[in-house]
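The values are calculated or read from the model by the stated rules, or taken from the named source; none is laboratory data. Computed from a predicted model, the values in this text were never measured in an experiment. Cβ atoms come from the backbone with ideal geometry, glycine included; neighbour counts cover every protein chain shown.
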Amino acid sequence: MALTLTEKIISEHLVSGEMKPGDEIALRIDQTLTQDATGTMAYLQFETLEIDRVRTELSVSYVDHNTLQTGFENADDHRYLQSVAARHGVYFSRPGNGICHQVHLERFGVPGRTLLGSDSHTPTAGGLGMLAIGAGGLDVAAAMAGEPFYLNTPQVIGVRLSGELTGWATARDVILELLRRLTVKGGVGKVFEYLGPGVATLTVPERATITNMGAELGATSSLFPSDQETLRFLRAQQREEAWSEQVADDDATYAEIIEIDLGEIEPMVAQPHMPDQVVPLTEVLGLGVDQVCIGSCTNSSLEDLMTVAAVLKNQTVHENLSLVISPGSRQVETMIARNGALADLLAAGARVLEPACGPCIGMGQAPPSGGVSVRTFNRNFRGRSGTEDADIYLTSPEIAATVALHGEFIDPSKLIELPRVDAPEVFEIDDGMIVAPPEHGSDVEVLRGPNIKPLPVRDELPDSFEATILLKVPDNITTDDIMPAGARGLPLRSNIPAISEFVFSGIDPEFSARAQQHSPGLVLGGENYGQGSSREHAALAPMYLGIQAVLAESFARIHRANLVNFGILPLEISSEDYETLEQGDLLRFEGVREAVETGASIIATVADTERSIRLTSELSTREREIVLAGGRLNHIRQRQA
C-alpha cells in the first residue's frame with residue numbers, strides 16, 4: 001500500500017495500535033528535547049521514575065527561555081539542569097548557545113527519526129523530514145524513560161506547493177496564508193505534509209519556518225521530505241552522514257490536498273490578537289509602529305538575519321522606533337559577526353540580544369503602553385509581550401526590517417527589490433557550548449536550589465464530589481491565558497505552589513485565591529480550550545489548586561493530554577449547556593469512576609435547579625486508567641509495582 005511520509009515514519013516506529021485516523025497509537029521516540037521553562041519539571045518527573053540513564057537515541061536539554069537572571073531562581077534551575085543531564089545521560093546546551101529548535105535543526109536533527117519535545121514548536125525539525133511533535137513535559141520524561149508516546153492517529157493533509165516565491169513574498173507568508181485559510185483550529189488532529197515541485201525551491205530554514213508555525217494551526221506536526229536540499233543543508237552543517245532520503249510514495253493518498261501556488265503568495269501580516277487574523281500587507285499600510293522585534297525560533301536563521309542586515313545596510317532605524325534582534329543560535333551570531341552583517345545591524349541602530357527566546361515569551365522588551373510592535377515571532381496573544389494593551393503584529397523579517405526603517409508599514413516593492421543572500425556552502429561549527437554527558441553519571445551530584453520544590457501529585461479520582469465553576473471563559477483560550485509566561489512567572493516553573501498564584505491572572509487576578517477557598521473546582525471553557533504553548537504548568541498548577549475537571553466545548557491536543565496526565569478530567573460540554581452555566585454554579589457528580597471505567601457519559605447535576613448536564617470524554621482505555629489513578633506518574637508507578 002502506498003504511504004505518505006508521515007505514515008512511513010509512524011509505521012517504522014509503531015509500538016502498538018493501528019494507523020486508523022482517530023485511533024490511539026503508541027510510537028517509539030528516537031530523540032527528545034526540553035527547554036528550561038518546561039525542562040526543569042520534566043527532569044523532576046523523570047527522577048521520580050528512578051531510571052538511571054535515558055533510553056532514547058539522543059536527548060538534549062536546552063537553556064533558552066529563562067536566561068534573564070533577575071534573581072537566583074533561573075541560575076539555580078540551569079545548574080540543576082546541567083547536573084541532572086550529566087547524571088542521566090543527556091546532552092546539555094548551555095545558556096547562550098541558542099534557541100532549542102534552531103540548534104536542534106543545525107546540530108542534532110535526523111531525517112526519518114521521531115522527536116518529542118516539551119515545547120509546542122518542536123515540529124520545526126519537520127523542515128528536515130523528521131516527525132517532530134510537541135508534548136507536555138511528563139510525556140517527554142516518560143519517553144526518556146523508554147515509554148512510548150501515545151497519540152491519536154492523525155489525518156495526513158497534503159499541501160502541494162507549485163511555482164516559486166517572488167518579490168517580497170517569503171516562507172513566513174506561506175504559513176500565514178494557511179492560517180488565514182484554516183484558522184488556529186484548522187490543524188487539530190492533523191499532520192501537514194508538504195509536497196509538489198515548489199518544495200525544491202525552499203531552503204531548509206524556509207521549510208523550518210513553515211513547520212514551526214504550523215503549531216499555530218493546532219497541528220500535531222508538519223513535515224517536508226528529506227531531499228537534495230536537505231542534504232545540502234546537512235553537508236553545510238558537516239553532518240552529511242545524518243542524511244537519508246525520506247519521501248512519500250508517488251501514489252500516496254492524503255485525507256485532503258491543499259493547493260498553494262508560491263508565485264501567487266504576497267506579503268502577509270497577522271493582526272492582533274491571534275496568529276490567524278491574517279491580512280495582506282496592503283491592508284495595514286501607513287500604520288505607525290513603536291517597536292520591531294526580529295528573531296525567535298520561527299525566523300532567526302543565518303539567511304534571515306543576513307537579509308535583514310542587507311535591507312538595513314547604510315541606513316538608520318526610524319527615530320521613533322526601537323529595533324531588537326535575537327539570533328537563533330551562537331552559530332548564527334558568530335557567523336554574522338564574522339561576515340559583517342552584525343556590524344551593519346549595529347550601525348543601523350539595532351539592539352542585538354543574546355541567542356535566546358527573549359521577547360517572544362515576554363522575557364524583556366515589552367512594548368510601550370498602548371504601543372504597536374511588529375514581530376517575526378509565532379504568537380501575538382494579548383498580553384504575551386508583557387504589555388497588556390499593546391497591539392502585536394506578526395510578519396516576515398524582510399517586512400519587519402522595512403518597518404524598522406520607516407516607522408510604519410510600507411509597501412517595499414515600490415521602493416527596492418528584496419536583497420537576496422545565499423547561505424555559505426559550509427557553516428562554522430563550534431559545539432563547545434554543548435556539554436556531552438559522561439559515560440557513567442552515577443557519581444554526579446544533582447544540584448538543587450531553594451526554588452526547586454517537590455513535585456505535587458493528585459490522589460485517585462473520587463467517585464463522587466461537588467465542585468464549583470470558578471471561571472467561565474470563551475473560545476480559543478490559550479495556555480498563556482491559563483498560565484502566563486513573562487519575567488515574573490517563568491522563574492517559578494520549578495515551584496508549583498508559587499507559580500500557581502499566576503493561574504488565569506490576566507483574566508481574573510482573584511482566581512488562584514478563589515480556587516484555594518473552593519476546592520475542588522471546575523473551569524468552563526468554549527471551543528479549542530488550551531491552544532498554544534505545550535506548557536504543562538497550565539494543567540499542573542490548576543491541579544495543585546484543586547481543579548477536578550475542565551468542561552469545554554472542545555480541547556487543543558497537547559493541553560488535553562496534559563490535563564489527563566495530571567488527573568484532571570477533560571469533559572466536553574454542548575454549546576447549549578455552556579451557554580446556560582455560569583461562574584459560581586455548583587455541580588454534583590456521582591458515579592464518576594464507573595463512568596470513566598466504562599466510557600459512559602458523566603451526568604452532573606446543577607445544585608440550584610437540579611437540572612442534569614451530560615458530559616462526554618473520549619478517553620482511550622489507557623487514558624481512563626491514568627485519570628482513575630490520579631495522573632500518569634501514579635499510573636506508571638502502579639504499573640512498575
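Okay, here's what the table says:
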quantity: Search result, residues across segment 512-542 that are of a type outside the set (S, T, Y), buried (at least 23 other Cβ atoms within 10 Å of the Cβ) and outside any loop (DSSP other than H, G, I, E, B); calculated: A515, L522, V523, L524, G525, Q531, H537, A538, A539, L540, A541, P542
quantity: Matching residues, segment 216-241, being within 10 Å of I175 (Cβ to Cβ) and of a type outside the set (S, T, N, Q); calculated: E216, L217
quantity: Subset of segment 603-625 (residues that are among the hydrophobic types (A, V, I, L, M, F, W, C) and either at pLDDT 95 or above or more than 21 Å from G22 (Cβ to Cβ) (or both)); calculated: I603, A604, V606, A607, I613, L615
quantity: Single residue of A348, A341 found to be touching a strand residue (DSSP E or B) at 6+ places or on another chain (Cβ under 9 Å) and aliphatic (A, V, I, L, M); calculated: A348
quantity: Residue among E24, E12 that alone is surrounded by fewer than 21 Cβ atoms within 10 Å (Cβ to Cβ), within 19 Å of N565 (Cβ to Cβ) and in contact (Cβ under 8 Å) with a residue 24 or more places away in the chain; calculated: E24
quantity: Residue identified as among the β-branched types (V, I, T) and free of Cβ contacts under 8 Å to residues at least 60 places away in the same chain among T395, T387, T402; calculated: T387
quantity: Condition met for V60 (of a type outside the set (D, E, K, R), modelled with pLDDT of 90 or more and either in a helix (DSSP H, G or I) or more than 30 Å from R458 (Cα to Cα) (or both)); calculated: no
quantity: Within segment 543-568, considering residues that are in a strand (DSSP E or B) and within 23 Å of the chain's Cα centre (by Cα), the one modelled with the lowest pLDDT; calculated: F555
quantity: Candidates E7, E47 - the one that is of a type in the set (D, E), at pLDDT 95 or above and assigned to a helix (DSSP H, G or I); calculated: E7
quantity: Any pair with Cβ under 6 angstrom, 6 or more apart, that starts in segment 520-546 at a residue that is over 20 Å from G218 (Cα atoms) and ends at one that is modelled with pLDDT of 95 or more and of a type in the set (S, T, N, Q); calculated: P520/Q548; G521/T468
quantity: Qualifying residue in segment 407-424 (condition: part of a loop (DSSP other than H, G, I, E, B), among the hydroxyl-bearing types (S, T, Y) and either more than 27 Å from the chain's Cα centre (by Cα) or farther than 30 Å from G349 by Cα (or both)); calculated: no
quantity: Failed criterion for K20 (all others in (1) of a type in the set (K, R); (2) closer than 17 Å to T220 by Cβ; (3) at pLDDT 95 or above hold); calculated: (3)
quantity: Candidates L176, L165, L182, L195 - the one that is modelled with pLDDT of 95 or more, within 29 Å of L281 (Cβ to Cβ) and crowded, with 24+ Cβ neighbours inside 10 Å; calculated: L176
quantity: Test for F504: is it at pLDDT 90 or above, in the same structural domain as L563 (by TED's automatic domain parsing) and assigned to a loop (DSSP other than H, G, I, E, B); calculated: yes
quantity: Unique residue being within 24 Å of R235 (Cα to Cα), among the small types (G, A, S) and either in the same structural domain as S494 (by TED's automatic domain parsing) or not in a strand (DSSP E or B) (or both) when the list is G112, G39; calculated: G112
quantity: Any chance S326 is small (G, A, S) and within 25 Å of G129 (Cβ to Cβ); calculated: no
quantity: Options E206, E256, E245; residue that is of a type outside the set (V, I, T), closer than 19 Å to T114 by Cβ, surrounded by fewer than 23 Cβ atoms within 10 Å (Cβ to Cβ) and assigned by TED's automatic domain parsing to the domain that holds L178; calculated: E245
quantity: Among the candidates G349, G407, G432, G370, residue that is over 18 Å from G295 (Cα atoms), touching a Ser or Thr at 6+ places or on another chain (Cβ under 9 Å), surrounded by fewer than 19 Cβ atoms within 10 Å (Cβ to Cβ) and small (G, A, S); calculated: G370
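Condition check ((1) touching a Phe, Trp or Tyr at 6+ places or on another chain (Cβ under 6 Å); (2) in contact (Cβ under 8 Å) with a residue 12 or more places away in the chain; (3) on the phi > 0 side of the Ramachandran plot) across all residues:
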{"position": "G489", "(1), (2), (3)": "yes, yes, no"}
{"position": "S494", "(1), (2), (3)": "no, yes, no"}
{"position": "F504", "(1), (2), (3)": "yes, yes, yes"}
{"position": "D508", "(1), (2), (3)": "no, yes, no"}
{"position": "S512", "(1), (2), (3)": "no, yes, no"}
{"position": "Q516", "(1), (2), (3)": "no, yes, no"}
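Residue by residue, here is whether (1) more than 17 Å from the chain's Cα centre (by Cα); (2) within 25 Å of L195 (Cα to Cα); (3) of a type in the set (A, V, I, L, M, F, W, C) holds:
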site: Y91; (1), (2), (3): yes, no, no
site: R113; (1), (2), (3): yes, yes, no
site: S120; (1), (2), (3): no, yes, no
site: G137; (1), (2), (3): no, no, no
site: V159; (1), (2), (3): yes, yes, yes
site: A169; (1), (2), (3): yes, yes, yes
site: I175; (1), (2), (3): no, yes, yes
